[in-house]
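Beneath this line is the structure, given in structure tokens, with notes to follow.
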Amino acid sequence: MLFKPYFVDILLPIPLERQFTYRITEEESHFLKIGMRVAVPFGKNKIYTGIVCNIHEEEPQAYEAKDIYQILDETPLVQESQLRFWEWIATYYMCSLGEVLRAAFPSVFLLESETLVIANSRFTETDALSSEAYLVYEALQKQSQISVSDVMKILSKKNVFPILKDMISLEAIQLKEEIYEQYQPKLVAYIRLAPEWEAQDKLQELLLLLSRSEKQRTLVLSYFTLKAQSKTPIKKKDLLGSANISDAVCKGLENKGVFEIYHLQIDRVSFDDASKGLPVLSELQQNAFNEIVSSFVEKDVCLFQGVTGSGKTEIYVHLIQKVIEQGKQVLFLVPEIALTTQLIFRLQKFFGGVLTVYHSKYSQNERAEAWYRILEGSDKAQIILGTRSSALLPFQNLGLIVVDEEHEASYKQFDPAPRYHARDAAIVLAKKHQANILLGSATPSIESYDNAQNGKYGLVSLQRRYGNVQMPKIALVDIKEKHKKKRMTGHFSDVLLAEIKEALELKEQVILFQNRRGFAPLIECNTCGVSPQCPNCDVSLTEHKFKQELRCHYCGYHRAIPRQCDACGNTDLSSKGFGTEQIEQELLGLFPEHTIGRLDLDTTRGKYGYQKIIGAFQHGEIDILVGTQMLSKGLDFSNVSLVGVLNADNMLNFPDFRAHERSFQMLTQVSGRAGRGQKQGKVLIQTFNPYHQILQQVTTNSYEQMYHEQLTERRNFHYPPHYRLIQITLKHKDFNLLESGSEWLGKSLQNSFGKNLLGPTVPSVSRVRNLYIKQMMIKIPPKQSIGATKDYIRKVRTLFESIGKFRAIKMRIDVDAY
């Protein structure tokens, strides 16, 4: 009797455009479901975790299908609707589905095999082994198998495969691939009395049994005391802590059969119950809320433009409540992890334990638990708060997506693939779930505002601050004039210093903004003008005074600060430019009796880095907070009366078509941190060019004027929202090969796109991590098919990769590269 063959298409977390077919039995075909994980062999001896995408009976023609190694799940871990959404991301952003899977999945789900070294029991020729190989052989005599990572530890070196290869040729060992589960649920040990001692009349007998051991007797009495105080199960840790007795005593009671230890699984991250009712909306807020609700009747997407401090979060809270009452899930997207800290506190007050948080500062196990809660539709995952990767989660019944600060560039993923924009992906996700999506911002992106103006999105405006607090007074300080008149102290004008002193005297807080971390962008020799460069990248090294080092912000290379010039040997070196670290140093000298804090990438590397600094500032422990663009994002501090921008010109002069829009957004947002209590705040912006139209528009809060000016410029120069952009980046360590490869690709694309192709050109940083870089930009006119354009680019890419010498060149395609 012939058995009917069954096959399964598996999606693997590798950057290949296709899925792979494996053979399964009839029983497995009935058990397997789309979205389950399976372990499959791939290549010569590697085992990967893949996702089941399709079950069928068609045998592959090009290769012989292998058998799957192991089924890892009993129920699907990925939903079919989620797979369809991932396919849209892969197609639209021109990457592979495997890359989307790797970005979406917590890495603990992607089990990979570990190579195990096994001893050959018949091997006797130990004299033929090298000294290092003998150490491995000796270790295998004590245990039957060891992992390659164990071999690395034994030999204290990383490159151990040549040694293992020699041992295999001598038939001393064999290698085997072993798959292992990485996710471990968190278990807590609880303690209870063994059933035979639970009866009342057994207590005296028990105490008599333990009469010779005072400590064991004390522990049992402590157990009864805790049991009388609370009806909940008793944690072993709590019992040992209250009795102040060691674990060894408890072990003795376990061995005597007095106590039993059992384990319960608990969540690694959980939130307390709600402590407050919903906030009461003002009349203006209520009107905005009603407008949003009525906008959702006609359009799925609504743009909510509310000035800084207008109480957008309170309106979000009411919308969230309305949706979770219908039994649906809510996704709340924020651009930065820093923002989640304050939002967790605020949402927890209103919603309590129904909140789940998901971002990259959480451990892999914490993210895995969040995934399970969302997949199961748990009561603890009615509201999901997270950064851009949260859009890829397995939602059950999504009713609303809130994208806070929708204009933020942080929503765009640049490296690695998929290079998706979370806001745009969230709009597609909402459509697939038939949910509503609210885009909130005080300074919407020009693309979103243009869509609202053209009737594609609904538009709701809230132009007054909560409690009728006035918008902050914004003043420009001409530092060119101040330098001439010698009225600068370090990087502070006399006006800014006077305002800081006044604010501190009134026990108010100050925020100072400088969008560059480190002490100084570069060190320069005053004799020959040479500055230390990164050996791996085409950039100068940034000075970090606190660590006494020069560091490259592209590749992480660092070295000690030199005492003399590398070129001429002169010791006369000076710092050029300034970063947050230098501002912090100057403030410590100017205001020694006050506490200065710094919020940038260097001070927030730990899991709770943001929380500590933002919490300290909120509780008044920090008087002056210096920071980078992290400060500009939706944070709410009621006691901040003054915001100072130390140099507004860097952003304005950045070589990017969005530089003016981004500068307006950044300066308006950072200004919005001032005067959020009852008192009107002040903002001082230091600049060499106070007559720049963007700075003038910031002082008068003229978003409409900025929007129309930028729209006209972009229409004239063929930029979004009128034209779409696709950027192609080529990288290789051989400059000449990259040059010829980029020339070939440029000519191939030129045939189709003509003047709408810019490049190939060298970017401002032309080498990173020893790879030279060339870039091309394709502009897609409004009436040109985006799908057909992408198909043509794919064909050209396939041709390019089929040329042997160009195959080693890395090609990166970035759709909507802005």
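The values are calculated or read from the model by the stated rules, or taken from the named source; none is laboratory data. Because the structure is predicted, anything quoted here is derived from the model rather than measured. A quick note on method: Cβ atoms are made from the backbone with ideal geometry, for glycine too, and the neighbour counts reach across all protein chains shown. The protein model used for the area step is the full one, side chains on, heavy atoms only, and it has no ligands, DNA or RNA in it. Shrake-Rupley method; radii C 1.70, N 1.55, O 1.52, S 1.80 Å.
General remarks:
- Note on the stretch 404-415: residues that are more than 28 Å from residue 77 (Cβ to Cβ), under 15 Å from the mean Cα position of the chain (by Cα) and open to solvent by less than 10 Å² (accessible area, probe 1.4 Å) amount to 0.
- Against the numbered list (1) surrounded by fewer than 24 Cβ atoms within 10 Å (Cβ to Cβ); (2) among the small types (Gly, Ala, Ser); (3) within 22 Å of residue 294 (Cα to Cα), residue 440 comes up short only at (1).
- From 169, 130, 121, 156, residue being more than 43 Å from the chain's Cα centre (by Cα) and over 30 Å from residue 40 (Cα atoms): 130
- Count of the stretch 600-624 residues, restricted to those that are open to solvent by less than 40 Å² (accessible area, probe 1.4 Å), at pLDDT 80 or above and more than 20 Å from residue 442 (Cβ to Cβ), is 8.
- In the stretch 310-331, the residue that is nearest to residue 668 (Cα to Cα) out of those that are open to solvent by less than 20 Å² (accessible area, probe 1.4 Å) and small (Gly, Ala, Ser) is 310.
- Flag if residue 413 is in contact (Cβ under 8 Å) with a residue 40 or more places away in the chain, touching a helix residue (DSSP H, G or I) at 6+ places or on another chain (Cβ under 7 Å) and within 27 Å of residue 290 (Cβ to Cβ): no
- The test for being over 22 Å from residue 466 (Cβ atoms), in a helix (DSSP H, G or I), open to solvent by 10 Å² or more (accessible area, probe 1.4 Å) and of a type outside the set (Ser, Thr, Tyr) does not hold for residue 710.
- Of everything listed in (1) under 20 Å from residue 393 (Cβ atoms); (2) buried (at least 16 other Cβ atoms within 10 Å of the Cβ); (3) among the basic types (Lys, Arg), the single unmet condition for residue 33 is (2).
- From 657, 688, 664, residue being open to solvent by 20 Å² or more (accessible area, probe 1.4 Å) and within 31 Å of the chain's Cα centre (by Cα): 657
- Test result for residue 189, in a helix (DSSP H, G or I) and modelled with pLDDT of 80 or more: no
- Condition check for residue 594 on (1) open to solvent by 30 Å² or more (accessible area, probe 1.4 Å); (2) in contact with an Asp or Glu (Cβ under 9 Å, 6 or more places away or on another chain); (3) closer than 17 Å to residue 542 by Cβ; (4) of a type outside the set (Asp, Glu): one failure, at (3).
- Residue list for the stretch 563-583, filter: surrounded by fewer than 21 Cβ atoms within 10 Å (Cβ to Cβ) and not in a loop (DSSP other than H, G, I, E, B): 573, 574, 575, 576
- Evaluated against (1) among the hydrophobic types (A, V, I, L, M, F, W, C); (2) under 44 Å from the mean Cα position of the chain (by Cα); (3) open to solvent by 10 Å² or more (accessible area, probe 1.4 Å); (4) modelled with pLDDT of 85 or more, residue 116 falls short on exactly one condition, (4).
- Residue within the stretch 447-459 that is under 30 Å from residue 731 (Cβ atoms) and either among the basic types (Lys, Arg) or surrounded by fewer than 22 Cβ atoms within 10 Å (Cβ to Cβ) (or both) present: yes
- Members of the stretch 365-387 that are assigned to a helix (DSSP H, G or I), in contact with a strand residue (DSSP E or B) (Cβ under 7 Å, 6 or more places away or on another chain) and open to solvent by 10 Å² or more (accessible area, probe 1.4 Å): 367, 373, 380
- Taken over the stretch 550-585, residues that are among the acidic types (Asp, Glu) and more than 28 Å from the chain's Cα centre (by Cα) amount to 2.
- Odd one out for residue 682, checked against (1) of a type in the set (Lys, Arg); (2) surrounded by fewer than 16 Cβ atoms within 10 Å (Cβ to Cβ); (3) in contact with a strand residue (DSSP E or B) (Cβ under 6 Å, 6 or more places away or on another chain): (2)
- Any hit, the stretch 770-789, residues being closer than 30 Å to residue 682 by Cβ and in contact (Cβ under 8 Å) with a residue 60 or more places away in the chain: no
- Checking every residue in the stretch 395-403 against the condition of being under 21 Å from residue 341 (Cα atoms), within 14 Å of the chain's Cα centre (by Cα) and open to solvent by less than 10 Å² (accessible area, probe 1.4 Å) gives zero matches.
- Screening residue 721 with (1) within 23 Å of residue 416 (Cβ to Cβ); (2) surrounded by 17 or more Cβ atoms within 10 Å (Cβ to Cβ) gives one miss only, at (1).
- The stretch 581-607 residues that are touching a residue at least 40 places away in the same chain (Cβ under 8 Å) and farther than 30 Å from residue 363 by Cβ, paired with ones that are crowded, with 18+ Cβ neighbours inside 10 Å and among the small types (Gly, Ala, Ser) (beta carbon under 7 Å, 6 or more apart): 582/520
Residues checked against (1) out of contact with any Gly (no Cβ under 9 Å at 6 or more places or on another chain); (2) modelled with pLDDT under 90; (3) open to solvent by 50 Å² or more (accessible area, probe 1.4 Å):
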{"position": "52", "(1), (2), (3)": "no, no, no"}
{"position": "76", "(1), (2), (3)": "no, no, no"}
{"position": "84", "(1), (2), (3)": "yes, no, yes"}
{"position": "93", "(1), (2), (3)": "yes, no, no"}
{"position": "96", "(1), (2), (3)": "yes, no, no"}
{"position": "106", "(1), (2), (3)": "yes, yes, no"}
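- Candidates 235, 158, 202 - the one that is at pLDDT below 75, open to solvent by less than 90 Å² (accessible area, probe 1.4 Å) and farther than 20 Å from residue 123 by Cα: 202
- Residue match in the stretch 396-414 (condition: touching an Asp or Glu at 6+ places or on another chain (Cβ under 7 Å) and part of a helix (DSSP H, G or I)): yes
- Failed item in (1) open to solvent by less than 30 Å² (accessible area, probe 1.4 Å); (2) under 19 Å from the mean Cα position of the chain (by Cα); (3) over 25 Å from residue 676 (Cβ atoms), with residue 337 passing the rest: (3)
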